[in-house]
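Structure, as structure tokens:
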Amino acid sequence: MHIPDGYLSPQTYIPLYGVAAGFWAVAIRKIKKELSAKNVPYLGLASAFSFIIMMFNIPIPGGTTGHAVGAAFIALVLGPWAAVVTVSVVLIIQALVFGDGGITAIGANCVNMAVVMPFVAYAVFMLVRGRSTGNRRIFVAAFLAGYAGLFAAAAITALEFGIQPLVAAGADGKPLYAPYPLSIALPAMTIEHLFFGIFEGLVTALLVRYIHRSEPGSVYALREESREIAQ
Amino acid sequence: MKSRNKLWIGLLLLALLTPLGIVIPEYFKAGDAWGEWSVETLRAKLGGPAPAKLEENADRYRAPVPDYSIGGNNGNRTVRIVSYAGSALGFALVAYIIAKLAGKHE
């Protein structure tokens with residue numbers, strides 16, 4: 001899902017940089033307020049985990065590959081704002097050092113995987129879990145959170161690709177950047193992520209369960225009791 | 001063992017397994033992820049040149065370790081695989097060092 005350089009026009013990637021920067025600013029402030037120095041190791045763990053999980057490319061019928069992102073798991077265990085920062089760090093390093101994702105596309109990739117995904121995952125988890133403390137419900141909620149988060153990221157990415165022929169065409173009407181319209185991009189990305197979502201869901205659910213069991217009380221999304229009721 | 005240390009060790013093991021992310025797609029002859037095609041691949045897909053601005057901008061930036069391969073994009077397969085795991089280990093190591101340093105600053 002890492003958009004390379006050249007696929008997005010400036011009229012797309014510049015505003016997305018703006019959106020990403022806005023979220024980075026808020027996220028850094030929130031993390032300073034909510035997390036203490038002893039949480040930094042967990043942010044480091046989370047970044048490393050996300051980086052590594054993205055290296056496991058999975059082939060699917062049709063001949064393409066995909067990978068999990070880990071943003072949902074981080075959003076649930078450390079909170080969505082922590083996920084914004086940790087996943088963004090990963091994406092920026094991937095682009096700058098490894099050429100995985102374009103430099104112009106850093107804003108877009110961060111919006112897709114480090115903003116949309118964590119927040120959708122977090123919202124879905126809260127919705128599905130409700131007030132339940134049962135392990136089964138938590139597992140299912142985490143699975144669906146990962147699934148929905150990845151799917152949402154894929155859909156937004158497809159949207160960014162698919163509008164290029166519309167927003168950036170030459171005088172002759174031919175696309176200047178990404179060549180495929182929405183009618184191709186949307187089904188292509190969403191259908192295959194219906195499948196990849198299963199991996200993301202499983203990774204999310206299994207890891208949330210592991211952390212919840214080995215360090216009860218440390219899962220951010222499960223500590224929201226009082227705040228949730230207040231809302 | 002503290003569970004956090006267990007997590008780092010788990011991460012280390014995962015890092016060593018990352019070459020599966022190259023080997024498994026190769027085995028199934030799978031291609032790039034949708035939308036992540038190189039200009040060359042895209043030209044092949046389109047049966048002609050890629051869109052004009054894409055051709056201009058796609059290879060503007062040359063990353064130091066392109067596609068996680070120290071030997072460059074078309075390096076020897078063993079180098080690619082070792083480099084892949086090395087990249088994972090490298091990132092994990094840097095994250096670990098930063099985490100340890102931050103932990104000391106309490």
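Kindly identify segment A:1-80 as rounded, prolate or oblate by the Cα gyration tensor criterion: order the square roots of the eigenvalues as a ≥ b ≥ c, call it rounded if a/c is under 1.5, otherwise compare a/b with b/c, prolate if a/b is larger, else oblate.
Oblate.
What nm distance separates the two modelled labels at A:Lys32 and A:Ala169, each placed 7 Å from Cα along Cα→Cβ?
Label-label distance for A:Lys32 and A:Ala169, simple model: 4.7 nm.
How high is the FRET efficiency between B:Asn76 and A:Ser218 when r is their beta carbon distance and R₀ equals 56 Å, given to the nearest 0.05?
The formula returns an efficiency of 0.80 here.
Give the order of A:Tyr147, A:Tyr17, A:Tyr177, B:Tyr27 when sorted by the count of other beta carbons within 10 angstrom, beginning with the fewest.
Working: A:Tyr147 24, A:Tyr17 18, A:Tyr177 28, B:Tyr27 10.
The fewest-first ordering by Cβ neighbours comes to B:Tyr27, A:Tyr17, A:Tyr147, A:Tyr177.
Using r as the Cβ-Cβ distance of A:Ala123 and B:Leu17, and R0 as 45 Å, what FRET efficiency do you calculate, to the nearest 0.05?
0.90
With label points built 7 Å along Cα→Cβ from the Cα atoms of A:Thr133 and B:Ala44, find their separation and express it in nm.
5.7
Amide H of A:His2: which non-local residues (sequence gap of 5 or more, or other chain) have their own amide H closer than 5 Å, using H built in the peptide plane?
none
For B:Tyr96, A:Tyr13, what ranking results if the residue with the fewest other Cβ atoms within 10 Å of its Cβ goes first?
Starting with the residue having the fewest Cβ neighbours, the order is B:Tyr96, A:Tyr13.
Using the Kyte-Doolittle scale, find the helices of chain A whose mean hydropathy is at least 0.0 and whose Cα atoms extend 24 Å or more along the helix's long axis, counting only whole DSSP H runs. Intermediate results must be reported in sequence, preceding the final value.
Working: long enough: A:10-34 (35 Å, 0.17); A:80-98 (25 Å, 2.24); A:135-162 (40 Å, 1.17); A:182-214 (46 Å, 1.08).
Sorted by number, the helices that extend far enough and score high enough are A:10-34, A:80-98, A:135-162, A:182-214.
Taking 0.36 nm per intervening residue step and subtracting the Cα-Cα distance, what contour gain separates B:Ile98 from B:Glu56 on full extension?
11.3 nm
Based only on other Cβ atoms within 10 Å, what is the fewest-to-most ordering of A:Thr190, A:Thr204, A:Thr65? Working shown, then result.
On the way: A:Thr190 16, A:Thr204 33, A:Thr65 22.
Fewest-to-most ranking of A:Thr190, A:Thr204, A:Thr65: A:Thr190, A:Thr65, A:Thr204.
Given H placed on each backbone N at 1.01 Å, which residues far from A:Ile103 in sequence or on other chains put an amide H within less than 5 Å of it?
So A:Ile103 has HN proximity to A:Asp5.
None of the figures in this text is laboratory data; all of them are computed from the coordinates on show. These numbers were taken from a predicted model, which means no experiment stands behind them. Here Cβ is always computed from backbone atoms with ideal geometry, including for glycine, and neighbour counts include all displayed protein chains.
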